[in-house]
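What follows is one structure encoded as structure tokens, with my remarks underneath.
Every number here is computed from the coordinates shown, using simple stated rules; none is lab data. Everything numeric in this text was worked out from a predicted model, so none of it was measured. Virtual Cβ from ideal backbone geometry, glycine too; neighbours counted across all protein chains shown.
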Amino acid sequence: MSRLGAVLVGLVLFALPFLKYGVGGHAHGPHTDHAPRHGGELLMVGDYHLERVVRGPAVELFVSDALRRPVRPASARMLLDDGTERPLTWRDHRLVALRPPAPGSALYEVTVSDGPVLSTRFR
Ligand SMILES: [Zn+2]
């Protein structure tokens, strides 16, 4: 390989991370990505993210960290305004429960392993 060729290869390799991450706003820092991944509604709760998807009679909750890496919580429950509660069951990388009786009538409480308790309400 010519000296010029080697220099060009070096430049391309050096530029690759910028081409991959630096252009077009696809930065990979904490809280730079707030797009729903499952067609639901994404909320930021503390340093974590909860995406809620309503699917027929069920509601699904996807938990991720500041970098949007999936998180499996230690436990989770849904507290309804009528005083009852429903478990959110871990199934296939998400928490699943029966949909609350009315929009906004449930408080979601997710306990992260070795972390905080995330508490939020969706509209
Ligand atoms: Zn965020």
Problem set entry | Exposure proxy order (Cβ contacts within 10 Å, fewest to most) of 69, 55, 99 | 69, 55, 99
Seminar exercise, completed: Expressed in nanometres to one decimal, the distance between label points 7 Å along Cα→Cβ at residue 47 and residue 72 is 2.2
Exercise. What ³J(HN,Hα) values, in whole Hz, does the Karplus curve 6.51 cos²θ - 1.76 cosθ + 1.60 give for segment 68-85 when θ = phi - 60°, with x put for Gly and Pro?
Worked result: 6, 7, x, 10, 9, x, 5, 7, 7, 8, 10, 9, 8, 5, 7, x, 8, 9
